Structure formats: C-alpha cells, structure tokens
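Peer 1: Below are the structure tokens for one structure; questions will follow.
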Amino acid sequence: MKKFFALIVVAVILPLQCFAQDAEATIGKMVDLTGCPVVQLETDSGTIKLALYNETPLHRDNFLKLVKEGFYDGVLFHRVIDQFMIQTGDSISRHAEPGQELGEGDYETYKVPAEIRFPQLFHRRGTVAAAREGDDVNPNRESSMCQFYIVWGKKFTNNMIDDVEERIARKTGNIITIPKELREVYMKKGGTPHLDGQYTVFGEVIEGLDVVDRIQKAETDQNNRPLCDIRIVKATVLSE
C-alpha cells in the first residue's frame with residue numbers, strides 16, 4: 001500500500017532542474033499574488049482561502065481542475081500534527097470509519113511532476129504544498145495528484161536552523177542551504193524548514209490562518225488523525 005507523507009528525510013540529491021533559475025533574486029521576498037487564482041475551502045472549522053502560485057503552473061492547474069470537479073468536497077483533514085502541518089486530499093477519507101488509518105494512495109491515477117522552486121518558494125507558515133511518496137520509491141519527488149498540506153510549523157532559533165541545515169546538507173551534497181533571508185522569516189514567522197527543497201510549494205493561505213491554527217491543535221490518535229472528524233465541506237474556485 002502506498003502512503004503519502006508531508007515529512008521525509010531526503011535520501012538522494014535533488015535534481016538541479018527543480019530550482020527556479022531566478023530564485024536567487026527573490027530570496028525571502030513574498031510572492032506577487034497579482035493574477036493568482038484563489039480557491040476557497042469551506043471547512044466545518046471555518047473558511048480558508050488559498051492563492052495558487054503562477055510559478056508552479058502544473059500544480060496550480062491540477063488543483064483548479066480537482067476543485068472544479070468537486071474532488072475535495074467532503075474529504076477529511078486526515079493527518080494533523082501540532083506545530084507542523086495539516087494534510088488533506090485523501091478521497092477515501094470521505095467515508096472513513098472511525099479510527100481507520102488514512103493516507104493511502106492506491107486510488108491515485110497520476111502524479112504531478114515536481115516544481116520545486118527553492119529558495120523562492122519555501123515552507124513558511126501558511127504555505128500550501130503537495131504531499132508525495134518517499135524518495136526510496138519516488139526519486140524525482142513527483143507530487144500526489146490530490147493530497148496537500150498547509151504549513152503551520154513553529155518559530156526557530158538560529159541554532160535550530162543550523163541543525164536543520166546540517167541535516168539537509170548531509171543528504172543533498174550541500175545543495176540545500178537556508179539563506180539568511182529565509183532564516184529571518186523562520187525565526188519571526190515560523191514554518192517547517194526541514195521540508196525545504198524536497199516538496200513542491202504551490203500556494204499560500206490569504207485568509208483563514210486562524211482556522212489552520214485551530215485545526216492543527218486538534219486532538220489526534222496514534223496515526224495523527226483527528227479524533228473528531230474535520231472536513232472540507234466545499235471547495236470553490238473564486239477567481240482564475
């Protein structure tokens with residue numbers, strides 16, 4: 001059985017083509033959201049609005065397609081970890097039994113090619129990224145067709161970021177380092193820097209970060225599934 005994770009320790013060197021060529025000029029800067037599509041997630045915990053980045057067109061277009069098809073209507077936030085992230089998009093979760101382990105990917109019919117744009121797009125609090133299978137079976141880091149997570153994370157000290165950077169660098173041949181501009185964001189705003197350069201970040205929360213906070217604090221079982229179901233009631237494209 002396949003399982004999609006939002007957390008993994010890298011095991012191979014990230015292909016250089018995953019990096020945006022102009023990323024160095026945008027380090028630490030917020031993405032220009034002018035003209036970005038906006039999607040609304042009506043959950044039973046409140047409303048979350050997402051902007052989808054034009055810098056990741058394959059993920060943007062795939063997400064819009066699934067929303068228009070009603071794919072996300074009724075799915076659970078099936079994996080929730082305090083001070084880390086909230087994950088959803090498993091279609092099996094619509095009719096899951098209490099306590100059933102979720103996150104299986106057998107039903108998925110395709111993967112989305114990686115569009116990793118680090119350091120331009122990084123895992124600061126509120127960003128939206130695609131879940132995927134681990135490097136051992138997915139060395140090209142292709143994304144799940146449907147499962148995604150919203151970052152919450154925590155605030156880091158310089159020493160904590162040093163430790164994260166050292167761990168990532170050992171696994172990627174020093175390809176992944178965390179620039180000082182990103183360090184400042186992680187120290188002041190929070191996030192999950194240990195995921196940088198390994199997953200495709202394709203959007204951000206523009207409204208409803210308080211809802212994300214509420215969901216990530218939910219009490220969960222041993223599989224990180226909330227004890228009380230938290231569901232996307234309706235997903236809607238507000239603008240393209």
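The values are calculated or read from the model by the stated rules, or taken from the named source; none is laboratory data. Quick caveat: nothing in here was measured; it's all calculated off a predicted structure. So basically every Cβ, Gly included, is an ideal-geometry build from the backbone, and we count neighbours across all protein chains shown. Surface accessibility is based on the protein's heavy atoms, side chains included, excluding ligands, DNA and RNA. Shrake-Rupley method; radii C 1.70, N 1.55, O 1.52, S 1.80 Å.
Peer 1: Looking only at segment 179-207, filter to residues that are farther than 24 Å from His59 by Cα and either touching a helix residue (DSSP H, G or I) at 6+ places or on another chain (Cβ under 8 Å) or among the charged types (D, E, K, R) (or both); which one of those is surrounded by the most Cβ atoms within 10 Å (Cβ to Cβ)?
Peer 2: Filtering segment 179-207 for residues that are farther than 24 Å from His59 by Cα and either touching a helix residue (DSSP H, G or I) at 6+ places or on another chain (Cβ under 8 Å) or among the charged types (D, E, K, R) (or both), the one surrounded by the most Cβ atoms within 10 Å (Cβ to Cβ) comes out as Tyr186.
Peer 1: Then there's this: Among Phe63, Phe77, which is within 21 Å of Ala114 (Cα to Cα) and touching a strand residue (DSSP E or B) at 6+ places or on another chain (Cβ under 9 Å)? Steps first, answer last, please.
Peer 2: Details: Phe77 fails: within 21 Å of Ala114 (Cα to Cα).
Being within 21 Å of Ala114 (Cα to Cα) and touching a strand residue (DSSP E or B) at 6+ places or on another chain (Cβ under 9 Å) holds for just one of Phe63, Phe77, which is Phe63.
Peer 1: Oh, and also: Scanning segment 82-124 for residues that are modelled with pLDDT of 95 or more and of a type in the set (Val, Ile, Thr), which turns out surrounded by the fewest Cβ atoms within 10 Å (Cβ to Cβ)?
Peer 2: Residue satisfying both the conditions and the ranking: Val112.
Peer 1: Yes or no: Gly99 among the small types (Gly, Ala, Ser) and touching a strand residue (DSSP E or B) at 6+ places or on another chain (Cβ under 9 Å)? Before the answer, list the steps.
Peer 2: Working: among the small types (Gly, Ala, Ser): yes; touching a strand residue (DSSP E or B) at 6+ places or on another chain (Cβ under 9 Å): no.
Judged against the criteria, Gly99 is not a match.
Peer 1: Restricting to segment 125-144, count the residues that are basic (Lys, Arg), open to solvent by 10 Å² or more (accessible area, probe 1.4 Å) and farther than 16 Å from Tyr53 by Cα. Full working, then the answer.
Peer 2: Start the filter on segment 125-144 by keeping residues that are basic (Lys, Arg), which leaves 125, 132, 141.
Now restrict to residues that are open to solvent by 10 Å² or more (accessible area, probe 1.4 Å): 125.
Those still in the list that are farther than 16 Å from Tyr53 by Cα too: none.
Matching residues across segment 125-144 total 0.
Peer 1: Which residue is nearest to Asn54 (Cα to Cα), if the candidates are limited to segment 208-231 and must be open to solvent by 10 Å² or more (accessible area, probe 1.4 Å) and outside any loop (DSSP other than H, G, I, E, B)?
Peer 2: Leu209
Peer 1: Residues of segment 36-53 being out of contact with any helix residue (DSSP H, G or I) (no Cβ under 8 Å at 6 or more places or on another chain) and farther than 22 Å from Leu121 by Cβ, which ones?
Peer 2: Passing the criteria: Glu42, Asp44.
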